[in-house]
Protein chains: 2
Amino acid sequence: MSGVRRFAPGAAGELGWTGVERLRYKEEGSAPFRDITRQVLFSQPDQQCELRYFEIAPGGFSTLERHRHTHAVLILRGHGSVRLGDAELPVAEHDLVTVDPLTWHQFRADAGCALGFLCLVSKSRDRPQLPTDEEPAPREIR
Amino acid sequence: MSGVRRFAPGAAGELGWTGVERLRYKEEGSAPFRDITRQVLFSQPDQQCELRYFEIAPGGFSTLERHRHTHAVLILRGHGSVRLGDAELPVAEHDLVTVDPLTWHQFRADAGCALGFLCLVSKSRDRPQLPTDEEPAPREIR
C-alpha cells in the first residue's frame, strides 16, 4: 500500500523500518558470521529484484562468500570495510560497492560503530558458495 | 567491475557518485518539474531492476505523475514532502516511500534543503501519465 515508513531503533538498538519484518541473517548455522539483522524493504510483485537492508553490529561481520549473481551495495550508515577478492577497502556512509560474479566478499563493521547497508539482488539467484579446503578464498592483501 | 565508488559534490554542488554519469531528469520539456539530477547507480545485466538516485535542489519538485509500475523510494538526504494520491506527507532521511500502481505522486524539496532519494523500478516499465483536463489529479488535501 502507498505510504511512508520511518527509520527507527529496534529492540536491540539496531536501526530499521517500522512495519517491516526483521529477519535472522541466515537460518543455517554453518557459515561463520556475527551480529547481523536483515530486512527486505520492498517486495512488489512487478519487480524482479529485492532491496534488502543489513545491519552489522559494531565489530561484527558477514559471511565470506561468493556467487554468480551480482551484488549492488550502498552503505547507509556507519563505517567499516569490505573485502573484495584479495583487497580490503574502507567503506563509509553513501559509498557504492559493486561485487562482480564469483568475487569473494565480506563486510565488517568497525569496532564501536554499526554498519548498515542496502543490497540489491535479483529475486531469482544462485546460492552463495563458501571457501573450502579444495577451493580456498584468495589470501587477503592489505 | 568490483569496486567502491564515493559520494561527492558535483559541478553544481549536488551530491552523487564519482564515475557514474549524471543525467538530465527528462529529455522532453512538456512535464513540469524543477532542478533535478539523476544517476543510474547499478546496471548489472543479470538484474531486472534499476536503482536510480534523484536529487532535487532546494525548493525544487518532480513531475506530478502516475504509472502502472510500482515505485520503491528511500530518502537518502535532506527533507521535503511527497504527495501520494490526495495526501501530502513530510519525508526525511531514511524514510521509505511506497507508491502503488496508478497513484499520483510528486516529490518536493523544502526551501533551503536539497532532497536526495533512491528509487527502485523494473527495467521494463510503462511510461508515466500526466494529469489532463479529462482526468485531473485528485485535489490535494493538506
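List of remarks:
- Put a dot 7 Å past the Cα of B:D86, heading toward its Cβ, do the same for A:A111, and the two dots end up 5.9 nm apart.
- Other residues with beta-carbon under 12 Å from the beta-carbon of A:C49 carry, at +1 per Lys or Arg and -1 per Asp or Glu, a net charge of 0.
- Shape of region A:28-142, Cα gyration tensor, a/c cut at 1.5: oblate
- Take the Cα of A:R34, go 7 Å toward its beta carbon, and the backbone nitrogen atoms of region A:41-65 under 18 Å from that spot belong to A:55-65.
- Cysteines, the protein assembly as shown, no other Cys beta-carbon under 4.7 Å: A:C113, A:C119, B:C113, B:C119
- Counting other Cβ atoms within 10 Å as a rough exposure proxy, the listed residues B:C49, B:C119 run B:C119, B:C49 from fewest neighbours to most.
- Net charge of Cβ neighbours under 10 Å - reference B:F7; Lys, Arg +1; Asp, Glu -1: +1
- Sorted by Cβ density within 10 Å, fewest first, the residues B:D86, B:D110, B:D95: B:D86, B:D110, B:D95
- Between B:T132 and B:E21, full extension at 0.36 nm per residue minus the direct alpha carbon distance yields a gain of 36.7 nm.
- Taking amide H atoms as placed 1.01 Å from N in the peptide plane, the amide H of A:H79 lies under 5 Å from those of A:D110, each 5 or more residues away in sequence or on another chain.
- As a proxy for reagent exposure, B:H94, B:H67 were ordered by neighbouring Cβ count within 10 angstrom, fewest first; the result is B:H67, B:H94.
Throughout, read-outs are computed from the coordinates displayed, never taken from laboratory work. Given the structure is predicted, the values throughout are model-derived calculations rather than measurements. Here Cβ is always computed from backbone atoms with ideal geometry, including for glycine, and neighbour counts include all displayed protein chains.
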